[in-house]
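Asker: Right, I'll just put the structure down here and ask away after.
Here, each number is a calculation from the coordinates, and none is a lab measurement. Remember, predicted model here, so these are calculated numbers, not experimental data. Counting neighbours? That spans all protein chains shown, and the Cβs are built from the backbone with ideal geometry, glycine included.
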Ligand code: CO
């Protein structure tokens, strides 16, 4: 049903534009994954500009992220899969020191209305919005004090695979 809706939407937006083949159209239709990945690569210039991807197999492409204490960090999360955010949603959530990952993941699973960030984000340092196929989310924050922190995707059940260490030196 969702796919059909998208196709219909594409047809409608096609009809509204004079041409369907132009570059402008390509940007709007949401299916141009390659274009998006090019844009993200350009951003990756500074040491603390980190790009992390999530796929349809419930995996991040990084298990470890290293930054320097007190420096600005920019996390760009890209969903490189084809599934909708309602079934394969991904976010990047960085937990405060001492917060148990499993306990947090369990609590987060019940916080659907706040995109799986429970208790107003009391346990987290930073997080992105929840995204689905082809989407990108960015969060910027200051690296906390030196130490090892956990990061995860808080979509229900994903923390079992989608997790890693955020190391501040
Ligand atoms: Co996920």
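Asker: Quote the FRET efficiency, to the nearest 0.05, computed for residue 84 versus residue 145 with a Förster distance R0 of 35 Å and r equal to the Cβ-Cβ distance.
Answerer: Computed FRET efficiency for residue 84 and residue 145 comes out at 0.40.
Asker: For a test of the definition: using alpha carbon positions, the gyration tensor, and the 1.5 limit on a/c, classify the range 35-169 as rounded, prolate or oblate.
Answerer: oblate
Asker: Could I ask something else about it? Can you give the FRET efficiency to the nearest 0.05 for residue 49 and residue 109, using r as the Cβ-Cβ distance and R₀ = 22 Å?
Answerer: 0.10
Asker: Under a plain spin-label model, where a point goes 7 Å from the Cα along Cα-to-Cβ, how far apart in nm are residue 165 and residue 129?
Answerer: About 3.3 nm, to one decimal.
Asker: Using 7 Å Cα-to-Cβ label points, what is the residue 138/residue 56 separation (nm, one decimal)?
Answerer: Each label point is offset 7 Å from its Cα along the Cβ direction, giving 2.8 nm.
Asker: While we're looking at this one, here's another question. Roughly what would the spin-label model give for residue 102 and residue 72, points 7 Å off Cα along C-beta, in nm?
Answerer: 3.9 nm
Asker: Please report 114, 136 as a ranked list, fewest other C-beta atoms within 10 angstrom at the top and most at the bottom.
Answerer: Least to most surrounded, the residues fall as 114, 136.
Asker: Per residue and in cubic angstrom, what volume does the convex hull of the Cα atoms of the range 47-120 have?
Answerer: Cα-based convex hull of the range 47-120, divided per residue, equals 119 Å³.
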